[in-house]
Amino acid sequence: MSSLPNRKSFRHGVHPLEHKEETEHLPLERMPFVGRYVLPLGQHIGAPCRAVVRAGEKVTRGQLIAEPGGFVSTSLHSPVTGRVVDVGPHRQGNGQLVPAIQIEADPYSSQQFRERDPVDPFAMGVDEFAASVQRAGLVGLGGAAFPSHVKYKLPEGKACERLVINGCECEPYLTCDHRVMVERPAEVVRGVSILAEKLGARGAWIGVEMNKPDGIDSLRAHLPAGSKITVAPLAVKYPQGAEKMLIKAVFNEEVPAGHLPLDIGVVVNNVATMACLTDWFDRGQPLIERALTVAGPGVDRPANLIVPIGTPIRDVLRHCGINRDTRQVVMGGPMMGMPLATLDAPVVKGTSGLLAFTDNMVNHPTEYACVRCGSCLEACGNFLNPSRLARLARAGRYEELEGAFVMDCMECGACTYTCPSSVPIVHLIRAAKLTIRQRKAKQG
Amino acid sequence: MMAGDPRLLLQSAPFLRRGITTPRLMTEVIIGMGPVILAAVYFFGISAIFVMLATTAGAAGAEWLLGPARPRGRTLKDGSAILTGIVLALCLPPGFPLWMAFLGGAAGICLGKLAFGGLGQNMFNPALVGRAFLQAAFPGAITTWSAQGDIGGFFTVRASNFAAPFMQATPDAVATATPLGLMKFEHQTTPLTDLLLGNTAGSLGETCAIVILLCGVVMAVRRAFDWRIPAAILLSVTVFSTVVWAFNTEKFPAPWAMLTSGGLLFGAVYMATDPVTSPVTPRGAWAFGAGIGVIVVLIRLWGGLPEGVMYAILLMNAATPLIERVTQPRPFGRGAIEHE
Ligand code: SF4
Ligand code: SF4
């Protein structure tokens, strides 16, 4: 364990301006219902789900509309009461056409979610628990959207000793996890207790960066006496929310490269996912809405919103007063998020934020030659040599790249952020990793 | 409310930048050199300004004329050629003929940088290449040190500054030996206070130890360069020269004299820290600095020259790729054994 209990962190990393002041004090509010919802079938990592409804069918809020297409896949539910109008291709954020279910909301419906009686997760077997979570359509809400039940169903011979809950929210601008911790601490803590119990963990640690003191306090105030849960305050640093960096920060242990946290007996989950776990077991509400932050100078009324999954991004941005200066809309955080090609795309389960950026923020400085200043090495939490990776990637020297551990890169972008010469390091690395994977696939 | 959607720009993450650019880093170093430049002007009068202008013109001119980029002169904007010019001037003697200074600046950029493919590709510090070129071409002029203020007032220009090209430069009437020269060839020591305050003969920028040291500390705190390099150099010179001195305090100079005389401080703070020609790896920076320190002491005590900073840095520049290869960081989650 770290010898400095109050300044825990991983080594290296960067300190971008936080830009959280704008939204961190704004309570979560509900996004009003809109006319039409779009639910892509592949909004999680893994196999897409299979639609079980057809155009014309009536659906109610919370009703299953698509079932898992495999083990690494999850369920999908209607976010509104209304009518299915289309099951077919729809444009998603990156501009690609993907299969999606479109639902028209019933304008006369109260859109009240009909709760069911609580079920007791503690009475379930482990497999039953995982299956139940899959039925809830739960995924990691941090942004990666990895189906949660996959993490909860431990493979043979593996045990989860320690559960780590990610409350870092290390991306600038985003404050929705922060708000969940402040406003829904009881649900978060209950979710953590359930999960720790079901996984058989000897303890749970909620890592929260110290720029959220009210989040830390409210979680602590809801810990029952003698609880196995610890709230671990962490120094503020990017990318602390990356699983392996978080584990390093909390336990000062390194997950071996090429391995999963579970290989050292750790499971990591996002803090907002915990509140949804509680909603599922206590009220029967599947993942049909999520908290997200809308911010950036391109919107006049930044907000933390609870948005039904499937709401078109255009509607969310209009609700927040998108203005004419907007030049770029990013889904997720500004360090690892995705630029949107179209505002027709919907909010999906992994959407943690919508950021509207204006002119002065999208014009990055011109690129200069790498002056070998070493900043990128000191930014890289993975202790790679990003300047060398960028050079090799430009030259297309893939064997050497692999020897330089390019595949260890978590694509956090800290190197590009810090580079004084504006070398698009992580961009080059991403492209090189893709090529290497494709080559492997071809050979294999 | 807007009519349509904005025309969305697609770039890839990250969307934020630290906001510190390479030209800004170069400017920071030039500003960080300001007090040293002022000290040079204070001690050596207007000649110092002339020499600096001549080298900078040579360096910038070469970059503009022969730089790789189109439109012409784009690479001037990164500021590195100007930095090279100023650094070169600061390691020349004040009475140095201006035409030679100009040539030195141009040679540094051409041979030291452009020949390798421009900024970031060069192996040797361009300013030092310029200096080495001058040393080889004009060995007489470059070792003619005049004492400060010895020729009247501030505005008095040293006659040798305006020696005509390719004529024999006539050394100033009052050529003076530098502290290191005195130390080496005449076994004479210069008082420490003189060394610290710059009350000695020497190159433009290398005489006033205190100013250089303070600037170095400020720049290190501001992260304008890798603080490990000067730290390693000073540490290794201190350790090595103390050991030698302890053997024979009569014969060998004291460590403090070693640290404060000649171009050591200037070289450690402004030349060895050139990021392009020093290792990027943190452990490599330590090795690089330590190597320079050892070579400086070796040359000064046992070599044929009174001063070895230039050769020490150039030698370690050459060793940089090798140092880097063996000091790559240990990737997160990988044991030392797995690392080829
Ligand atoms: S931060 Fe940029 S300029 Fe500095 S070493 Fe890395 S790639 Fe080169
Ligand atoms: S090399 Fe990869 S892991 Fe390292 S800082 Fe860059 S993006 Fe992050």
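The values are calculated or read from the model by the stated rules, or taken from the named source; none is laboratory data. Here the structure is a predicted model, which means the values were calculated and not measured. Glycine also receives a Cβ, built like all others from the backbone with ideal geometry; neighbour counts cover every protein chain displayed.
Selection of segment A:423-444 for residues being within 19 Å of B:T281 (Cα to Cα) and within 8 Å of another protein chain (Cβ to nearest Cβ) yields only A:V426. For segment A:375-403, taking the residues that are surrounded by fewer than 22 Cβ atoms within 10 Å (Cβ to Cβ) and in a loop (DSSP other than H, G, I, E, B), the one that is farthest from ligand 2 (Cβ to nearest atom) is identified as A:G396.
Scanning segment A:235-251 for residues that are touching a Lys or Arg at 6+ places or on another chain (Cβ under 6 Å) and not in a helix (DSSP H, G or I) yields a count of 1.
For residues that are polar (S, T, N, Q) and touching a strand residue (DSSP E or B) at 6+ places or on another chain (Cβ under 6 Å), scanning just segment A:87-128, find the one that is nearest to A:A47 (Cα to Cα). Give the steps one after another, and end with the answer.
Going residue by residue through segment A:87-128, those that are polar (S, T, N, Q) are A:92, A:94, A:96, A:102, A:109-112.
Now drop any that are not touching a strand residue (DSSP E or B) at 6+ places or on another chain (Cβ under 6 Å), which leaves A:92, A:102.
On the way: A:Q92: 17, A:Q102: 20 Å.
Taking the candidates together, the pick is A:Q92.
When the strands (runs of 3 or more DSSP E) confined to segment A:1-69 are screened for residues that are surrounded by 21 or more Cβ atoms within 10 Å (Cβ to Cβ) and away from chain B (no Cβ under 14 Å), those reaching at least 3 such residues are found at A:36-40.
Please give the helices (runs of 4 or more DSSP H) falling wholly within segment B:12-122 in which 3 or more residues are within 29 Å of A:Y417 (Cβ to Cβ). Spell out the reasoning first.
Values: elements: B:22-32, B:34-44, B:46-66, B:80-90, B:98-112.
Fully inside segment B:12-122 and qualifying: B:22-32, B:80-90.
Across segment A:133-186, the number of residues qualifying as of a type in the set (A, V, I, L, M), modelled with pLDDT of 95 or more and more than 22 Å from A:T74 (Cβ to Cβ) comes to 4. The set of residues in segment A:336-370 being away from ligand 1 (no atom under 16 Å from the Cβ), part of a loop (DSSP other than H, G, I, E, B), touching a Leu at 6+ places or on another chain (Cβ under 9 Å) and facing another protein chain (nearest Cβ under 7 Å) consists of A:G337, A:L340, A:A341, A:L343. Restricting B:E250, B:E206 to those that are more than 20 Å from the chain's Cα centre (by Cα) and not polar (S, T, N, Q) reduces the list to B:E250. Evaluated against (1) away from ligand 1 (no atom under 14 Å from the Cβ); (2) over 30 Å from A:R91 (Cβ atoms), A:C373 falls short on exactly one condition, (1). Residue pairs whose Cβ atoms lie under 8 Å apart, sitting 6 or more positions apart in sequence or on different chains, and linking a residue in segment A:11-28 that is closer than 19 Å to A:K244 by Cβ and of a type in the set (A, V, I, L, M, F, W, C) to a partner that is within 16 Å of ligand 1 (Cβ to nearest atom) and not in a loop (DSSP other than H, G, I, E, B), are A:V14/A:Y238; A:V14/A:A379; A:V14/A:A414; A:V14/A:Y417; A:V14/A:T418. The selection criterion, being in contact (Cβ under 8 Å) with a residue 24 or more places away in the chain and closer than 25 Å to A:L138 by Cα, does not hold for A:A295. For segment B:36-59, the criterion of being more than 19 Å from the chain's Cα centre (by Cα), within 14 Å of chain A (Cβ to nearest Cβ) and surrounded by 19 or more Cβ atoms within 10 Å (Cβ to Cβ) is met by no residue.
Criterion first (hydrophobic (A, V, I, L, M, F, W, C) and farther than 20 Å from A:G207 by Cβ) does A:L141 satisfy it? First the steps, then the outcome.
Values: hydrophobic (A, V, I, L, M, F, W, C): yes; farther than 20 Å from A:G207 by Cβ: no.
Spelling it out, it is not the case that A:L141 is hydrophobic (A, V, I, L, M, F, W, C) and farther than 20 Å from A:G207 by Cβ.
Considering segment A:313-335, the residues that are touching a strand residue (DSSP E or B) at 6+ places or on another chain (Cβ under 8 Å), in a loop (DSSP other than H, G, I, E, B) and surrounded by fewer than 23 Cβ atoms within 10 Å (Cβ to Cβ) include one that is farthest from the other protein chains (Cβ to nearest Cβ), namely A:C320. Exactly one residue out of B:R228, B:R223 is free of Cβ contacts under 8 Å to residues at least 40 places away in the same chain and within 19 Å of A:S375 (Cα to Cα), and it is B:R223.
Residue pairs whose Cβ atoms lie under 6 Å apart, sitting 6 or more positions apart in sequence or on different chains, and linking a residue in segment A:379-404 that is more than 8 Å from chain B (Cβ to nearest Cβ) to a partner that is of a type in the set (S, T, Y) and more than 12 Å from ligand 2 (Cβ to nearest atom), do not occur here. Of all the residues in segment A:328-374, those that are away from ligand 2 (no atom under 16 Å from the Cβ) and within 27 Å of A:A100 (Cβ to Cβ) number 23. No other residue among B:V276, B:V296, B:V269 is within 11 Å of chain A (Cβ to nearest Cβ), of a type in the set (V, I, T) and crowded, with 20+ Cβ neighbours inside 10 Å apart from B:V276.
At the interface with chain B (Cβ under 7 Å from one of its Cβ atoms), within 14 Å of ligand 1 (Cβ to nearest atom) and at pLDDT below 95: is that true of A:Y417 in this structure? It is false that A:Y417 is at the interface with chain B (Cβ under 7 Å from one of its Cβ atoms), within 14 Å of ligand 1 (Cβ to nearest atom) and at pLDDT below 95. Taking the criterion of being acidic (D, E) and not in a strand (DSSP E or B), the residues of segment A:262-305 that qualify are A:D263, A:D279, A:D282, A:D300. Quick check, is B:P321 more than 23 Å from B:A136 (Cα to Cα) and crowded, with 24+ Cβ neighbours inside 10 Å? So B:P321 fails the test.
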